[in-house]
Amino acid sequence: MSAGPPLVLIRGGGDLATGAAARLHRAGFAVVLTELRRPLVLRRTVALAEAVFSGETQVEDLLARRAGSPAMARQFAQQGVLPVLIDPECDCLSEMRPVALVDARMRKQPNELGLSAAPLVVGLGPGFDAGKDCHAVVETRRGHRLGRVLWHGPAEADTRTPEAVGGEAARRVLRAPVDGFVEGLVEIGDPVSGGQVVIRMAGAEVRAPFDGVLRGLVHAGVEVPAGTKIADVDPRGVPAYCWEISDKSLAVGGGVLEALLIERDLRRRLGERSGAAV
């Protein structure tokens, strides 16, 4: 009897983690994601982390469902559903025993679980050093090296400046002016005009910096400290982009898939399962 597809554990459920989950799931891996109890995710319409709040969410062809236990997560994964497990410390690791661990939390800090956390540990973006705190790093910065797999050394350093989308960089990201709860006045995908009030927080107003579409917004009722990223305005003005996994996320996800397929045993197991299904 087949043991089923190899299981990959992804820490984080934001847009880059979702790109990795999409590539892996479509390639035949079983995928389980872990998240915070109150994820601070902006691009919620393309983030599997949204299942934490809604219980179930759909991103393109991916169906994600909140799982109450590692056993339930395994059951969902066997059914082709992407489980999202509330487990910030990754306590499920010993029970899940994944063939690979992907740290997609984008904390800009090293993986605290070390190289022994799984047979293959992959880190996304700044803060990771391949060969030191993970086996491989996937570059997340836009440009010539986006999606490249590094087996030695670190990813490019964090510039602390949002990358440009449609010619807008720092201005497109809206930050909390005060501590408090986020009250969105428009929905993701809605058109906005420059100067329009789009968020209220503890009596303070947050305005759109230019014309465009609201692409990201922290979930209603989430309390954040001042300075936190709470929304994202896309100057390209195409609402459909808000529901499609981005080119960057898919490129990063492709790097994760490449890293796993370089492992011959994983590739063999996927090939055996595919052959058995024919």
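Each part reduced to its alpha carbon centroid, the stretch 97-142 and the stretch 172-243 end up 30 Å apart.
Note on K229: lysines with a C-alpha under 29 Å away, same-chain residues under 8 apart excluded, are K108, K248.
Local charge sum around L214 (other residues, Cβ-Cβ under 13 Å, Lys/Arg +1, Asp/Glu -1)?
On the way: positive: R43, R44, R172, R207, R215, R236; negative: E187, D190, D211, D232, D234.
Neighbour charge sum, excluding L214 itself: +1.
Legend: ranking of residues V59, V256 from fewest to most surrounding C-beta atoms inside 10 Å; resulting order V59, V256. Using equal-weight Cα scatterers in the Debye expression, the normalised intensity of the stretch 170-235 in log10 at q = 0.14, 0.18, 0.21 Å⁻¹ is -0.32, -0.53, -0.73. Take every DSSP beta bridge whose two residues both sit in the chain; close to 50 percent of them are antiparallel.
Neighbour counts of other C-beta atoms within 10 Å: give me T159, T34, T57 arranged from fewest to most.
Exposure proxy ranking, most exposed first: T159, T57, T34.
So which aspartates and glutamates can K132 reach, going by Cα to Cα under 12 Å and dropping same-chain residues fewer than 8 places off? Straight-line reach from K132, under 12 Å: E112.
Under 8 Å for C-alpha pairs, at least 6 residues apart: give me the relative contact order for the stretch 170-235, rounded to a whole percent.
Relative contact order of the stretch 170-235: 44 percent.
I need D232, D190, D265 ordered by Cβ neighbour count within 10 Å, fewest first.
Final ranking by Cβ density, sparse to dense: D265, D190, D232.
Dividing the summed helix terms, -39500 (n - 2.57) for each DSSP H run of n ≥ 4, by the number of residues in the chain produces a 222 nm estimate of -6000 deg cm²/dmol to the nearest 500. Relative to the current alpha-carbon distance between R145 and Q196, full extension at 0.36 nm per residue lengthens the span by 14.7 nm. For the chain, the dipole from Cβ point charges (+1 on Lys and Arg, -1 on Asp and Glu) about the Cα centre works out to 440 debye, to the nearest 20. Computed over the stretch 9-90, the range of Cα coordinates on each principal axis works out to 29, 25, 20 Å, biggest value leading.
Bear in mind that the values in this text are calculations on the coordinates, not laboratory data. Values in this document were obtained by computation on a predicted structure and should not be read as measured data. We place every Cβ from the backbone using ideal geometry, glycine too, and count neighbours over all the protein chains shown.
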